[in-house]
Amino acid sequence: MTAQRHEGRAAQQLLQAVRLLASDADEQIEYVQHLGVSPDEMALEFDDAFRHVTGVTGMGFLPVEVMELARPIDDQLRRMTSLSEDVWSKGSVRSSSEWQKLRLLASAAGEHIQQLLDM
């Protein structure tokens, strides 16, 4: 696989994970129920994609701005992980202000990442 295809694939995985985090609570819960996992799986999928993109960004085909746009999502997920309250329950996905903030960050980042990838 060429470096350009590798970066493109990594970017698409990141965009997919960001879009999932931007989707509404019902879609997120349906997603994790379909997989038979807990809501933290969405964070793990984002983390995998984010780390993958981090590893390939320097190859020269993927705009560095993609990482800059995704970093606030990563920061929010880290913050959520450090909270004493359980933000990884389905109820929290529906009602937590942390999840609402995450959705806003992911929504904004997803739109901009897509624009960068379309260039």
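The values are calculated or read from the model by the stated rules, or taken from the named source; none is laboratory data. Since this is a predicted model, take the numbers as computed values, not measurements. Neighbour counts run over all protein chains shown; Cβ positions are idealised from the backbone, glycine included. We work out accessible area using only protein heavy atoms, side chains counted, and drop any ligands, DNA or RNA first. Shrake-Rupley method; radii C 1.70, N 1.55, O 1.52, S 1.80 Å.
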Carbon/sulfur fraction of accessible area - the chain, other protein chains in place, 1.4 Å, %: 50 percent
Cβ-based net charge around residue 115, under 15 Å, with every Lys or Arg adding one and every Asp or Glu removing one: -3
Structure-based [θ]222 nm, the chain - -39500 (n - 2.57) summed over DSSP H runs of at least 4, per residue, nearest 500: -26000 deg cm²/dmol
Computed FRET value (nearest 0.05) for residue 37 with residue 81, which takes r as the C-beta separation and R₀ as 25 Å: 0.95
Solvent-accessible area of residue 82 with every protein chain in place, 1.4 Å probe, in Å² to the nearest 10: 90 Å²
Probe 1.4 Å, protein heavy atoms only - accessible area per residue of the chain in square angstrom: 56 Å²
